[in-house]
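**Q** If you scroll down you'll find the structure; I have some questions about it.
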Amino acid sequence: MSDDWVTEDRGAPPSEYQPGAEIEEYLDAMRLRDPGWELGPFLREAQGVFEDVTANWSKLDADASRPWMLDELWDAHREGIDAMRNDDMRPVVEHLAVLDARITGAWLEDGWDCILVRFTARSTDYKVNRMGLKVGDHKEKTWLEEWTFGKEESDLTPASVPPGAPCPNCGGPGDGGVRCRYCGQLRTDGRGFRDVWKAASIEELQDR
Ligand SMILES: [Zn+2]
């Protein structure tokens, strides 16, 4: 496995990170018991959760994100949304672009495989008050968040069906893509990625 997805330059805060070799060792061991796990699809799907939760945040919609989060994270997320609502504020995150997504940690915790993903994103992030006035700087900014994704150790990441096999969801012809071009679903057997991997924590590393 190449090193380019486990950064050596980990930037400033937080100061304590797992060495890249330790992360790779954990992921290698995990793959032996969870052969459906692959780096590329994992990062793509994790990024999809990140984008959808961020879009829901901008709509002050906590419920829409609930299925993808563990309870503790969702409670905190909902509280943040409630606080915004109580202040008659609405966050506006526009032109969201994920510039980078990479793994910065992997470990076992309370019987869960945990993978830390650092997202570097760019967007606006101002607020609109009850009068409809923009509050704060509305230029686009680059910001960083680290999200922990967890799955139960005994659970299995849904495996991609082989290139050429029909779509397990709609039966459409296979073209080897990660997502079916007909129904838009992941071309995986059994449950979806989001049924298995849940967002467990979100930490802002650099303010928007
Ligand atoms: Zn399909």
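The values are calculated or read from the model by the stated rules, or taken from the named source; none is laboratory data. Everything numeric here is computed off the predicted structure, so don't read it as measured data. In this analysis, Cβ positions are derived from the backbone assuming ideal geometry, glycine residues included, and neighbour counts consider all displayed protein chains.
**Q** Under the condition of being more than 10 Å from the ligand (Cβ to nearest atom) and not β-branched (Val, Ile, Thr), which residue from region 158-174 is nearest to residue 191 (Cα to Cα)? Steps first, please.
**A** Step one: list which residues in region 158-174 are more than 10 Å from the ligand (Cβ to nearest atom), which gives 158-165.
Narrowing further to those that are not β-branched (Val, Ile, Thr): 158-160, 162-165.
On the way: 158: 6, 159: 9, 160: 11, 162: 16, 163: 19, 164: 20, 165: 17 Å.
Within region 158-174, the match that is nearest to residue 191 (Cα to Cα) is 158.
**Q** Another question, if that's okay. Scan 85, 122 and give me the residue that is under 23 Å from residue 42 (Cβ atoms) and either in a loop (DSSP other than H, G, I, E, B) or not aliphatic (A, V, I, L, M) (or both). Quick ask: steps written out before the conclusion?
**A** Details: 85 fails: under 23 Å from residue 42 (Cβ atoms).
After applying the criteria, what remains is 122.
**Q** If you don't mind, there's one more thing I want to ask. Go through region 66-87 and give me each residue that's surrounded by 14 or more Cβ atoms within 10 Å (Cβ to Cβ) and within 21 Å of residue 126 (Cα to Cα).
**A** Matches in region 66-87: 77, 78, 80, 81, 84.
For (1) out of contact with any strand residue (DSSP E or B) (no Cβ under 9 Å at 6 or more places or on another chain); (2) in a loop (DSSP other than H, G, I, E, B), each residue gets a yes or a no:
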position	(1), (2)
95	no, yes
115	no, no
148	no, no
162	yes, yes
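**Q** A further question on this structure: Please determine whether any residue of region 7-29 is at pLDDT 95 or above, out of contact with any strand residue (DSSP E or B) (no Cβ under 9 Å at 6 or more places or on another chain) and not hydroxyl-bearing (Ser, Thr, Tyr).
**A** For region 7-29, residues at pLDDT 95 or above, out of contact with any strand residue (DSSP E or B) (no Cβ under 9 Å at 6 or more places or on another chain) and not hydroxyl-bearing (Ser, Thr, Tyr): present.
**Q** So which of 139, 127 ends up being more than 30 Å from residue 190 (Cβ to Cβ), away from the ligand (no atom under 16 Å from the Cβ) and loosely packed, with under 13 Cβ neighbours inside 10 Å?
**A** Values: 127 fails: loosely packed, with under 13 Cβ neighbours inside 10 Å.
Exactly one residue qualifies, and that residue is 139.
**Q** Quick one: in region 175-193, which of the residues that are assigned to a loop (DSSP other than H, G, I, E, B) and more than 9 Å from the ligand (Cβ to nearest atom) is farthest from residue 34 (Cα to Cα)?
**A** 175
**Q** Name, by its number, the condition in (1) out of contact with any helix residue (DSSP H, G or I) (no Cβ under 8 Å at 6 or more places or on another chain); (2) over 20 Å from residue 196 (Cα atoms); (3) modelled with pLDDT of 95 or more that does not hold for residue 60.
**A** Failed condition: (1).
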